[in-house]
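The values are calculated or read from the model by the stated rules, or taken from the named source; none is laboratory data. Remember, predicted model here, so these are calculated numbers, not experimental data. Every residue, glycine among them, receives a Cβ derived from its backbone with ideal geometry; neighbour counts consider all protein chains shown.
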Amino acid sequence: MTDEQSIENQATDFEALDRLEAEEKAKTPIEKVNLLGLSPKKMDAFFEGLGEKKFRTQQMLKWIHQLGESDFDKMTNMSKAMRTKLAEVAEISLPEIVYDQTSVDGTRKWVMRMPGGSSIETVYIPEKERGTLCVSSQIGCALDCSFCSTGKQGFNRDLSVAEIIGQVFVASQCLDTPGEKRVRRITNVVMMGMGEPLLNFDNVVDSMELMLNDFAYSLSKRRVTLSTSGVVPMMDKLGEVSDVSLAVSLHAPTDDLRDVLVPINKKYPIKELLAATNRYLENLPDRRKATIEYTIIKDVNDSVEQAEELAKVLKDTPCKINLIPFNPFPNSGYERPSNNRTYRFRDLLHERGFIVTIRSTRGDDIDAACGQLVGKVEDRTRRQQKYIDLQQVND
Ligand code: SF4
């Protein structure tokens, strides 16, 4: 074979290769963007990428989050060409509901299956003046609080924005009564379901943006609450990008006890946690208080002396205290205190000038009560162990 022939053959080979590559590419389905999980800013970027104007973002947010529409063909204020283009590159993919039950007291629980097989739980609690949706941020939890059934399940993975906001979407759709004038049933959202929201920071912040956005769920920042067990550096980071309300899972008045109940306390003890809480509150544009969550457990943290200590610890933190009588679950090793003990604890805090509420147990018959959100979780990533290892290295 001459040099010329060899070069010619190589060229033919390359052409054949190019053809093969192109054929393979055509066979591989394009990964579609799930518009359910795009924050307003990311939605802007998406439409910009399609050569469209920003007002498309407002239209799309309304269709998805306010009108509950997931079929592009029904989005009639967009041109046919636009809808065809959207169907090629995007989708609106919703979580799959595998369980939907309403308690005798009106509390409603959904279990949603996520890609990968694990499931998460979302709970709606209707009250006279408001309806609160308790939303999960992770599948399982790495923080292993000793009184929490989710913590006992270990950690599987973070939820995506679509999976977090998907819970609000599903609940809104399920709570809407067909034919009835649209009534806002979800007035409050608390990031207090499964998981530690600050350990899934970016996705939680994007989801909360959608909760607050006027074209999506349009909730007031006072009515969206992030509850943390005390990941101090991320509390400061949250203050830089958001002004939602803050709840702090304290559960103990001393570090010795909190180290046992909420192990992250070994890394960020009470003094640091409350200092971070104060910094967060100082940065808010209004004089909002933090909510201090205190799961009250028989003979563990329910004595009058401990109430007195709690009052001292919280004296410089603008807050209201929410007492949550412990909800027993199998092998927890803890018990719920008597009502009398709980009232005594509350009364002492009242006497010290605090606003105190006792959270009534809701949805007992459907396992929707606080601390009972278990789901079906497999700790495939062993993140819980990694977290503990990291903690030991940092200690
Ligand atoms: S209480 Fe919250 S942070 Fe602690 S293990 Fe349970 S879900 Fe995680």
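Results for (1) surrounded by fewer than 22 Cβ atoms within 10 Å (Cβ to Cβ); (2) over 19 Å from the mean Cα position of the chain (by Cα); (3) over 24 Å from Arg336 (Cβ atoms), shown as yes or no for each residue.
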position	(1), (2), (3)
Val232	yes, no, yes
Met235	no, no, yes
Val241	yes, no, yes
Leu246	no, no, yes
Ser249	no, no, no
Asp256	yes, yes, no
Asp259	yes, yes, no
Lys266	yes, yes, yes
Identity of the residue in the range 312-337, modelled with pLDDT of 95 or more and among the polar types (S, T, N, Q), that ends up farthest from Ile292 (Cα to Cα):
Thr317
Checking Val300, Val262 in turn, the sole residue that is in contact with a Cys (Cβ under 7 Å, 6 or more places away or on another chain), under 22 Å from Asp144 (Cβ atoms) and not small (Gly, Ala, Ser) turns out to be Val262
The range 133-152 residues that are near the ligand (Cβ under 9 Å from one of its atoms), paired with ones that are among the acidic types (Asp, Glu) and part of a loop (DSSP other than H, G, I, E, B) (beta carbon under 7 Å, 6 or more apart)
Gln138/Glu196; Gly140/Asp379; Cys141/Glu196; Leu143/Glu196; Gly151/Asp144
Please indicate, with yes or no, whether at least one residue in the range 379-395 is under 28 Å from Met114 (Cβ atoms), β-branched (Val, Ile, Thr), in a loop (DSSP other than H, G, I, E, B) and modelled with pLDDT under 50.
yes
Can we say Thr225 is at pLDDT 95 or above and over 18 Å from Gln138 (Cα atoms)?
no
Residue match in the range 154-164 (condition: acidic (Asp, Glu), surrounded by fewer than 24 Cβ atoms within 10 Å (Cβ to Cβ) and more than 30 Å from Glu31 (Cα to Cα)):
no
Just the residues that are in contact with a Ser or Thr (Cβ under 9 Å, 6 or more places away or on another chain) and in a loop (DSSP other than H, G, I, E, B), please, taken from the range 73-94.
Ile92, Ser93, Leu94
Test result for Ser70, outside any helix (DSSP H, G or I), touching a residue at least 60 places away in the same chain (Cβ under 8 Å) and under 23 Å from the mean Cα position of the chain (by Cα)
no
Select from the range 183-204 the residues that are without any contact (Cβ under 8 Å) to a residue 40 or more places away in the chain and assigned to a helix (DSSP H, G or I) and write down the one among them that is nearest to Ser249 (Cα to Cα).
Phe201
Being within 16 Å of the ligand (Cβ to nearest atom), assigned to a strand (DSSP E or B), in the same structural domain as Gly239 (by TED's automatic domain parsing) and under 24 Å from Asp259 (Cα atoms) is the requirement here; does Ile120 meet it?
no
Condition met for Gln58 (modelled with pLDDT of 95 or more and of a type outside the set (Phe, Trp, Tyr))
yes
Go through (1) surrounded by fewer than 20 Cβ atoms within 10 Å (Cβ to Cβ); (2) more than 16 Å from the ligand (Cβ to nearest atom); (3) among the aromatic types (Phe, Trp, Tyr) one by one and return the number of the condition Phe201 breaks.
(2)
